[in-house]
Amino acid sequence: MRVYYKNLYTLALWLVLGCGLLSRGVTGAEIAAQASAPEPVFTPILTQVLAEPIAFAGSDGRWHLVYELELRNITAGSAILEQVDVRDAGQLISLEMFAGEKLVERLEIAGQRPAAALLEAAQFGILYLHLSFPDRESVPRILEHWITAQLTAAPPGQERGISMGGFSEVGSAPVAILGPPLQGGSYIAADGCCSSTRHLRALLPLNGQYRLSQRFAIDWEKLDALNRIYVGPREDPRSYFIYGQPVLAVANARVAVAVDGLLEATPGAFPENLSLSEADGNHVILDLGRSVYVLYAHLQPGSVQVRTGDRVRPGQVLGRVGNSGNSLAPHLHLQVMDAPSGLVANGLPYVFNRFRITGIDEAGTVDFDRAEETGEPATITPVQPPNRHTRELPLDLTVVDWLND
């Protein structure tokens, strides 16, 4: 049989795939594997989810995913990001589209917000994402991300590049269920999930990796009957209604870390020349087991009542709220993470067993900051009647009364 070939490439391909493989007895599985090999696709924007997101129930009655997506421009020119499409990889549907100002406000480059969604050559940024769903069954099992960008350095015809990647499973492990960390009521959840940025974007390069231990941290402060945070001199920690409040163990646990003896800062300004090891001030870290730890930070000097290795029970007093460490005003900084360190860890979501919401500062962080700076009342919208919540996380700037288990 005589066979004619159009070019040497076709001849070589036939020799390799036909003569070469058949001469050694190629199997049907090998041929099928070659036939199903993915086609090469140009992906100018490389994507990576920094930590596997875990779904949790919020006090708004919805389920939430909070995570970070690294976007890396590997081309020799700039890339203007047009949109990021977050998809359910299992259902093959779009969950949410981020474009325009919605994209810009969630993008940070070198810890700074850019004026536009622009990545220069060989530059990368972090996109802070938050998705919410009506119920647990609606939460996807696998996420993927499609990036559309205008490229100044790309192969002909591919100036408008589309990159697919950033696959991530959604964690299936149950979140920690905590008891009350404080007693009584009128506590406001400052800088909480999921619209505030101070904790959710506290991404740090530590020990050779990105660390975001504060992803779900809350700064708890206490309001009086007029919704004031303090009365009296701003610089006096005793002026603050939360100062000296006992902090309580949220579960049966072992004390992993207990630090005391650090001086308090003067409220109204962050302390200077503070080392990373002193950032949490006097603090306690509880080990709840299964790589779940709870941090209580900024406690009063001399107030810590436990030592490393102690066993504690729910409701046991650990110390008292103070203003030690990297703190602007007396408050209880509470967070859950996967390692016994306030910084070198990955922040985990959690829920509280029972609480009641009596109000919310709908005017946002700007209003809360004003109240903390001036001593004037925060603009709290009452919730009437107060809502009882079970196994949910109080969202940002909600006012909470703690209910005993």
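Values quoted throughout were computed directly from the atomic coordinates according to the rules given, and no laboratory measurement underlies them. Note that the structure is a prediction, hence the values are computed from the model and not measured. In this analysis, Cβ positions are derived from the backbone assuming ideal geometry, glycine residues included, and neighbour counts consider all displayed protein chains.
Across the chain, Cα pairs under 8 Å and at least six residues apart give a relative contact order of 16 percent. The angle between the Cα long axis of helix 365-374 and the main principal axis of the chain comes to about 30°, on a 0 to 90 degree scale. The slack between N404 and S291, meaning 0.36 nm per residue of separation minus the straight C-alpha distance, is 38.1 nm. The distance from the alpha carbon centre of the range 369-402 to that of the range 208-234 is 12 Å, rounded to a whole number. Charge tally around G185: other residues with Cβ under 10 Å, Lys/Arg +1 each, Asp/Glu -1 each, net +1. Listing I188, I93 from fewest to most neighbouring C-beta atoms within 10 Å gives I93, I188.
What net charge is computed for the residues neighbouring E144, neighbours being all others with C-beta under 14 Å from the C-beta of E144, Lys and Arg scored +1, Asp and Glu -1? Overall, the nearby charge balance is -3. Among 339-346, 101-108, the peptide with the highest mean count of other Cβ atoms within 10 Å heads the list, and the full ranking is 339-346, 101-108. Averaged over residues, the count of other Cβ atoms within 10 Å places the peptides 384-393, 321-330, 46-55 in the sequence 321-330, 46-55, 384-393, highest first. Go through (i) 22.5, 72; (ii) 30.3, 101; (iii) 26.3, 102 and flag the label whose value is the computed Rg and Dmax of the Cα atoms in Å for this structure. Working out Rg and Dmax of the Cα atoms in Å from the coordinates points to (iii). Distances between every pair of Cα atoms in the range 176-402, grouped in 5 Å steps from 0 to the bin holding the largest one, split as 1, 7, 15, 20, 22, 18, 11, 5, 1, 0 percent.
Distance from the Cα centroid of the range 81-98 to that of the range 284-317 is 41 Å (rounded to whole angstrom). Charged neighbours of T365, selected by a Cβ distance under 9 Å, balance to -4 (K, R count +1; D, E count -1). Take the Cα pairs of the range 45-169, get the Kirkwood Rh, then feed it into Stokes-Einstein at 4 °C and 1.567 mPa s and tell me D in µm²/s. Rounded to a whole number, D works out at 86 µm²/s. Taken along the Cα-to-beta-carbon direction at a fixed 7 Å, the label points for A122 and F270 span 3.1 nm.
With both labels modelled 7 Å from their Cα along Cα-to-Cβ, the R72 to I177 distance reads 4.1 nm.
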